[in-house]
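The values are calculated or read from the model by the stated rules, or taken from the named source; none is laboratory data. Treat the numbers as computed from the prediction; the structure is a model and nothing was measured. With ideal geometry, Cβ positions are generated from the backbone for all residues, glycine too; neighbour counts draw on all protein chains shown. Surface areas here come from the heavy atoms of the whole protein model, side chains and all, with no ligands, DNA or RNA. Shrake-Rupley method; radii C 1.70, N 1.55, O 1.52, S 1.80 Å.
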Amino acid sequence: MANNDTNDNWNDGTQLPVLGQADRSPQSAAMPAAVAGPVPTVSFVSLGCAKNLVDSERMLGQLAEAGTLISGDEQLADTIVVNTCGFLESSRTEALDILEELAERKRAGGLKRIVVAGCLVQRDGEKLRECVPEIDALVGVNNRDDVVRAVWRMDRDAQTELFLGEYHGQPWHDQGRLRLTPNHYAYLRISEGCNQKCTFCTIPSIRGPMHSKSADAIVAEARELTADGAREIILIGQDTTSYGFDLVGADGAIPREGAFPLADLLRRLDRDVIDARWIRLMYVYPSILSDEIIDALAASERIVKYIDIPLQHINDRMLKRMARRVTRRQTEELLEKLRKRIPDVAIRTTFIVGFPGETEAEFDELLSFVSEFGFEAAGAFQYSLEPETPAGRMVEQVDPVVRQERYDRFMLAQQQVAFAAAERYVGREFEVLIEGPAEGGQVARHAGQAPEVDAVCLLPDAEFPVGTFVPVRCVATQDYDLVCTPTPSA
Ligand code: SF4
């Protein structure tokens, strides 16, 4: 089981607990009662981003509902489902390497069935079978809910079962998941797809236009997750800021000009999801982060003072070539406004280095901006040439050696910034969420640290229950991480 097999929700025998199963019709699982033959034992490989992880959790929930045996150990499974990422060349290579490994096992008789799902299927479809003929079924992102049919091989005659439909704007939900994250936090996808047109990005061509879940569905899902033990709910989407622009109101009207349904959603979650201690907003798009959304964040009790806002670059010419619809001045004004309106806000961002045409001077501008602004957390990606994107057709591609060199210089500069940001926590008191054991103690996170991507807090000699909140004092730093001791009231 690749990625996140931290939740020990696996066994090879009895029916597995699926969230909120009681109140959900079995139809969605398409019970394969009619299919003869042994019950499949399935293991899952979940690749890619948190949105894909939610799809994996929902597919596992449907498989468990259908009576499939789920194994945490791939060696015990006769069927492997690989939920792929197709975003970048590197993620496609990773998926194909894993599929080749499984094909080898199948050729050796160690595996009966290989089911491939996710973005790589949506992007490349049947071509995947030419690369790996041992694949038995392909399930696109718009056909996620066909995974039970694919695993139980409903269509015996088909050489390869294809579940590969076009984008459909059907209302959808992610309730009834078998969660892969540790119990105390959960991802909640509020929208999928994207209407932005960043010139380097393949996601809109894979996931389709932005489509939002209704606020009722989101609140119901959040309550299902907190009822299952999640204390932190992490709101995700490709571009969460555009949430709700596609939702036609009860009165049939689309959201009024200047309205930001995300602000309403945040206020509602803050009010109604009382069992969530932390609600975290990720994947914010800079050009549409409105005052109304910022005010909703600032005024909330549960929504942590944390913003994940990929900026990609700061130089105006680069931002234009990336079609980011924002300028340097607008970006700086937005960041200053965030820090003014939400004191102590932790800002996380990511940049692309080596974008086609990026000159040394434009990269230096990015480097000095990052050194001056002082993001609590910032990462960089080397530009990845995606042939089917506008940027992929740009002639001024930057040499891979230069891309790597700029990446190394960026990470070194940001390291200094991050170490200084960590130092500013020494002597401060705050609460942390206990994540689990670590060498000589426990690892935890404060509200300004998202799971899996940000630095952590180290608590030497601590033995608190995982998933509990503990008041601490920061007494030192260890590179990016904070060393903390519980305060007397702990
Ligand atoms: S906002 Fe831009 S980078 Fe993000 S998914 Fe949409 S098009 Fe891609």
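Structure values in brief
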{"item": "Residue tally, condition among the hydrophobic types (A, V, I, L, M, F, W, C) and within 16 Å of the ligand (Cβ to nearest atom), over segment 194-223", "result": "7"}
{"item": "Lone unmet requirement of (1) among the acidic types (Asp, Glu); (2) open to solvent by 10 Å² or more (accessible area, probe 1.4 Å); (3) touching a residue at least 12 places away in the same chain (Cβ under 8 Å) for residue 97", "result": "(3)"}
{"item": "Test result for residue 400, more than 23 Å from residue 328 (Cβ to Cβ) and touching a helix residue (DSSP H, G or I) at 6+ places or on another chain (Cβ under 8 Å)", "result": "no"}
{"item": "Test for residue 203: is it in the same structural domain as residue 270 (by TED's automatic domain parsing), surrounded by 19 or more Cβ atoms within 10 Å (Cβ to Cβ), of a type in the set (A, V, I, L, M, F, W, C) and within 15 Å of the chain's Cα centre (by Cα)", "result": "yes"}
{"item": "Members of segment 332-366 found to be open to solvent by 30 Å² or more (accessible area, probe 1.4 Å) and under 28 Å from residue 386 (Cα atoms), listed by number", "result": "348, 359, 360, 361, 364, 365"}
{"item": "Every residue from segment 224-241 that is near the ligand (Cβ under 10 Å from one of its atoms) and open to solvent by 10 Å² or more (accessible area, probe 1.4 Å)", "result": "238"}
{"item": "When residues of segment 95-125 are limited to those that are among the basic types (Lys, Arg) and outside any helix (DSSP H, G or I), the one farthest from the chain's Cα centre (by Cα)", "result": "112"}
{"item": "Matching residues in segment 57-84 - criterion: being small (Gly, Ala, Ser) and without any contact (Cβ under 8 Å) to a residue 60 or more places away in the chain", "result": "67, 77"}
